[in-house]
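Chemist: Can you keep this structure in mind? I'll have questions shortly.
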Amino acid sequence: MKNQPRTLPAAPVRLAGQNIVLREWDEADIPALVEMYDDPEIDRWTPVPSPFDVEAARAYLGRARAARAEGRLVQLAVTSDGGQPQGEVLIWWDGRDIELAYGVGSRFRRRGPASAAVTVATGYALQHCEARRVLLRIEDGNAPSAAVARSEGFAPTTDELVEREAKGRRALLRTWCHGNGEPAP
């Protein structure tokens, strides 16, 4: 195996495949970002603040850009053609592994953009980031995310549950690994 990179690639990332285009967010996308994240289902499963307004969107993108500048995170809008965002996928370096996270706006759910984004981002992580493993971390009960994970070749691992706290709530997340992970019994 090649030496593992310590950060994600620095160049702007634009990925295409599976009838979608993943591209970095820009200021013109703030209304779409607000629409996507000011949603009860997004609020339920993510650490994003709620209500999610223009100010929250600007702060969210600012934090993402700072992490991007440090080479830790690539946060991409999920689009059908490079235009209107339908959701997002986050790709971040977690030591030797790449972790993905994703969300889709309510108008675009059950149409395949999450599955397509996970497929494209997984391919990118394996081919360009030399990831040891590509992971998802999903809270038990999040059936839509678990369905996307399964459909894209991820399986639960025997890794310890990951504890994260957000919005005053403790979440225990199960680790799912693409292909080469150790499935749970």
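The values are calculated or read from the model by the stated rules, or taken from the named source; none is laboratory data. Being a predicted model, the structure only gives us computed values, none of them experimental. Using ideal geometry, Cβ is built from the backbone for each residue, glycine included, and neighbour counts are taken over all protein chains shown. Ligands, DNA and RNA are excluded from the accessible area calculation, which covers all protein heavy atoms including side chains. Shrake-Rupley method; radii C 1.70, N 1.55, O 1.52, S 1.80 Å.
Chemist: Taking R0 as 25 Å, what FRET efficiency do you get between ALA16 and ARG96 from their Cβ-Cβ distance, rounded to the nearest 0.05?
Modeler: The calculated FRET efficiency here is 0.35.
Chemist: Next up: Once you have the Cα-Cα distance between GLN84 and ARG65, take 0.36 nm times their residue separation minus that, and quote the gain in nm to one decimal.
Modeler: My answer for the length gained is 4.9 nm.
Chemist: Next up: Ordered by packing density, taken as the mean number of other Cβ atoms within 10 Å over each peptide's residues, highest first, how do 66-75, 167-176 rank? Walk me through the numbers on the way to the answer.
Modeler: Working: 66-75: 16.7, 167-176: 14.7.
Descending packing order for the listed peptides: 66-75, 167-176.
Chemist: Using a basic spin-label model with each label point 7 Å from the Cα along Cα→Cβ, how many nm lie between GLU27 and ARG111?
Modeler: With each label point 7 Å from Cα toward Cβ, the separation is 2.8 nm.
Chemist: Quick check: residue separation of GLU130 and ARG170 times 0.36 nm, minus the Cα distance between them. What number comes out in nm?
Modeler: Computed gain between GLU130 and ARG170 is 11.2 nm.
Chemist: Treating the stretch 15-174 as a set of equal point scatterers at the Cα positions, no solvent, please give the Debye-formula log₁₀ I(q)/I(0) at q = 0.13, 0.17, 0.19 Å⁻¹.
Modeler: Treating every Cα as an identical point scatterer, log10 I(q)/I(0) equals -0.58, -1.07, -1.40.
Chemist: Still on this model: Could you state the per residue volume, in Å³, of the convex hull enclosing the Cα atoms of the stretch 13-88?
Modeler: So the per-residue Cα hull volume is 95 Å³.
Chemist: For the stretch 1-159, which whole-number percentage of the solvent-accessible area (1.4 Å probe, protein heavy atoms only) is attributable to carbon and sulfur atoms?
Modeler: 51
Chemist: Skip the ligands, DNA and RNA, and give the accessible area per residue of the chain with a 1.4 Å probe, whole Å².
Modeler: 52
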